[in-house]
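The values are calculated or read from the model by the stated rules, or taken from the named source; none is laboratory data. As the structure is a prediction and not an experimental result, all values here were calculated from the model. So basically every Cβ, Gly included, is an ideal-geometry build from the backbone, and we count neighbours across all protein chains shown. For accessibility, only protein heavy atoms count, side chains too; no ligands or nucleic acids. Shrake-Rupley method; radii C 1.70, N 1.55, O 1.52, S 1.80 Å.
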Amino acid sequence: MPGIKEIRTKIKSVQNTRKITKAMEMVAASKMRKAQERMRAGRPYATKVREIATHLMQAHPDYSHPYLQQPEQLRSVGVVLVTTDKGLCGGLNTNISRLLLNKLKEFEQQGVKVQTTAFGNKGLNLLTRLQSNLVSQETQLGDVPNLERLLGALKVQLDAFLEGRIDALYIATSRFVNTMRQEPVFLRLLPLPDGLQDPFQAGADGQAEQSAPQSKYGWDYIYEPDAATVIDDLLQRYVEGLVYQAVAENMASEQSARMVAMKAASDNAKKVIGDLQLVYNKTRQAAITKEISEIVGGAAAV
């Protein structure tokens, strides 16, 4: 049985650890609220762009953007992996990494080539270990998603799609459901689905569970310079908005998962401290009883 001094040192060490995890829990809770607000603030923009683009395409059904052209067969695809830069967020990165590995295995079995892009240090480390065809990366994203930083790495994949070097573009990220639940999802960004349904409200393969209702009204816009240019620019902004939304969802999921993980660590530390305190009291009582017995025995011998 360990001595009283060792147990006291252990208790103090666990108490210091609990202070750290409790502080990290409070910081994550504060960041989580801000991350959720940014995530929800980006949804109206994407919804309005999607609505206008849908109206324009209904008004000009003869025009087909490259982002809307469905491939006859998948020969090569691009995958954007969104993870965190830091750990201590439970199984968030593990779940999305497991999902990505399963998808990469499916592509390999189908003979589909894959080129990857990493957003976040954890994803970059994973793709590097897998020796995947990493074509672009962006790490140290911070707590606020910056679209300008994302566009550089994303443009490599978009250019590859427009040039026909890849037939589809997917994104693997974590979808924020609530504070206690974050789902790893593998969504198809390109080609865009018919009707421009929101992939974050669709199934795991990026296809909408229900088709969006077609408008029965006509829409008349004033175009500058022309309808094709406006549709091209809108769809480009829409795809960029989807990537921004994916990163924002992952950041909200990260802070929520970290808060839950740190709370669990703090609770476990409290339980360990209680167990150690009980062992300490028993050991101390045993030592006192032994000393009393020795004193009584010595007095009886005299």
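Residue pairs whose Cβ atoms lie under 6 Å apart, sitting 6 or more positions apart in sequence or on different chains, and linking a residue in region 150-168 that is in contact (Cβ under 8 Å) with a residue 40 or more places away in the chain to a partner that is assigned to a helix (DSSP H, G or I) and open to solvent by 50 Å² or more (accessible area, probe 1.4 Å), are LEU162/PRO66. Search region 250-293 for residues being open to solvent by less than 40 Å² (accessible area, probe 1.4 Å) and in contact with a Gly (Cβ under 8 Å, 6 or more places away or on another chain), and hand back the single one that is farthest from GLY90 (Cα to Cα). Only one residue fits best here, namely THR283. Can we say LEU92 is farther than 24 Å from ARG181 by Cα, under 19 Å from the mean Cα position of the chain (by Cα) and of a type in the set (A, V, I, L, M)? It is false that LEU92 is farther than 24 Å from ARG181 by Cα, under 19 Å from the mean Cα position of the chain (by Cα) and of a type in the set (A, V, I, L, M). Just one of the listed residues (VAL239, VAL272, VAL296, VAL279) is at negative phi, touching a strand residue (DSSP E or B) at 6+ places or on another chain (Cβ under 8 Å) and of a type in the set (A, V, I, L, M), namely VAL239. Going by the structure shown, is GLU51 in a helix (DSSP H, G or I), open to solvent by 70 Å² or more (accessible area, probe 1.4 Å) and within 27 Å of ALA257 (Cα to Cα)? Spelling it out, it is not the case that GLU51 is in a helix (DSSP H, G or I), open to solvent by 70 Å² or more (accessible area, probe 1.4 Å) and within 27 Å of ALA257 (Cα to Cα). Flag: LYS122 does not match the condition of being touching a Phe, Trp or Tyr at 6+ places or on another chain (Cβ under 8 Å), open to solvent by 50 Å² or more (accessible area, probe 1.4 Å), in a helix (DSSP H, G or I) and at negative phi. Contact annotation: residue pairs with Cβ atoms under 7 Å, 6 or more positions apart or on different chains, pairing a residue in region 276-302 that is within 22 Å of GLN15 (Cβ to Cβ) and assigned to a helix (DSSP H, G or I) with a partner that is at pLDDT below 85 and open to solvent by less than 80 Å² (accessible area, probe 1.4 Å), are TYR280/ILE4; THR283/ILE4; ARG284/ILE4. Residues in region 130-178 that are acidic (Asp, Glu), closer than 30 Å to MET32 by Cα and part of a loop (DSSP other than H, G, I, E, B): ASP143 only.
Put simply, of LEU88, LEU81 the only residue that is out of contact with any His (no Cβ under 9 Å at 6 or more places or on another chain) and surrounded by fewer than 20 Cβ atoms within 10 Å (Cβ to Cβ) is LEU88.
Summed over region 134-178, residues that are surrounded by 15 or more Cβ atoms within 10 Å (Cβ to Cβ) and polar (S, T, N, Q) total 6. Looking across ARG181, ARG129, one residue alone is surrounded by fewer than 16 Cβ atoms within 10 Å (Cβ to Cβ) and at pLDDT 90 or above. It is ARG129.
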